[in-house]
Structure formats: structure tokens, C-alpha cells
Amino acid sequence: NSTILPIDDGIDIIAEKDNKYHHIQVKTSNQSLGNNFQFTIKQSSFDIKNISQTYYIFVMRYIKSNRRINDFAIFHTREIQNYISSGTILSKPSMSIRIRIENNQYFLNNSADITSNINNFNIA
């Protein structure tokens, strides 16, 4: 069961699965040069949502073989926090997240292989 919220306060969807509620924030980017997709999250918004069951879904839109493709990178806030702690994501005042596709692999900010997060809706 899911509900789309009428007011955007940093959460786009609230979903319920197995009597647990999950907050979902969706960010979308179209392909830029070099198979890159750019996303930004305000640090203050992330900090408020970091204490709950919040997931970020980064939608990557591109054209491949004359077909429109949507790929989804799915992360729990704990995983994003781990990338901040390791220095993979710089966080102040906003997080800059770049996902690059290279040889069917996906890389976060040119370092972390996040291929296992792609189109993996079983992360929750």
C-alpha cells in the first residue's frame, strides 16, 4: 500500500509493507555527457529524514538503442550515511550525487560500485 503526499516536505511517497511504514524520496535526472546522472539532496532535508525508514530512489532516464530507459538506484539513508562517512559523498551544504554507467556497471561519484543497488526493489 502506498500514498503520494499532497505536499512535498522531502518525502514523496509513504508505503506500508508487512506493517512497517517506509518513506520514499524520488530524485530524477536525465543523462548528461559521459553517461552521467546528477542529483542533489539538501543536507538539512537529509538530516531530518535520516532517523526514519527512508529510502532514496534515484531515477536515471536515458535512451539506448532508440528506447527510453529508466533505471532506479535505491538506497536506504543508512547506506547514504555510510558513503558520507567514507568521503564518497560530500555533504555540506548539499550532497552532490553523480551516478555513471560504464560497461553495464554503475558507479557513485566515480568510486563506489553500486550495481547491486540498481533496480533492486528488494532492498527494503
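The values are calculated or read from the model by the stated rules, or taken from the named source; none is laboratory data. Being a predicted model, the structure only gives us computed values, none of them experimental. Cβ atoms come from the backbone with ideal geometry, glycine included; neighbour counts cover every protein chain shown. Surface areas here come from the heavy atoms of the whole protein model, side chains and all, with no ligands, DNA or RNA. Shrake-Rupley method; radii C 1.70, N 1.55, O 1.52, S 1.80 Å.
Among residues belonging to segment 70-123 that are modelled with pLDDT under 95, outside any strand (DSSP E or B) and in contact with a Lys or Arg (Cβ under 7 Å, 6 or more places away or on another chain), point out the one that is least open to solvent (accessible area, probe 1.4 Å).
T77
Output the residues belonging to segment 45-69 that are β-branched (V, I, T), touching a residue at least 12 places away in the same chain (Cβ under 8 Å) and open to solvent by 20 Å² or more (accessible area, probe 1.4 Å).
Hits for segment 45-69 are I48, I57, I63.
Of everything in segment 60-82, what is within 16 Å of I11 (Cβ to Cβ) and not hydroxyl-bearing (S, T, Y)? Give them in sequence order.
Those that are within 16 Å of I11 (Cβ to Cβ) and not hydroxyl-bearing (S, T, Y): I74, F75, H76, I80.
Among the residues of segment 1-31, which ones are open to solvent by 60 Å² or more (accessible area, probe 1.4 Å) and at pLDDT 75 or above?
Across segment 1-31, the qualifying residues are K17, D18, N19, K20, Y21, T28, N30, Q31.
Does segment 32-44 contain any residue that is open to solvent by 70 Å² or more (accessible area, probe 1.4 Å), over 16 Å from T115 (Cα atoms), assigned to a strand (DSSP E or B) and modelled with pLDDT under 95?
Yes, segment 32-44 contains a residue that is open to solvent by 70 Å² or more (accessible area, probe 1.4 Å), over 16 Å from T115 (Cα atoms), assigned to a strand (DSSP E or B) and modelled with pLDDT under 95.
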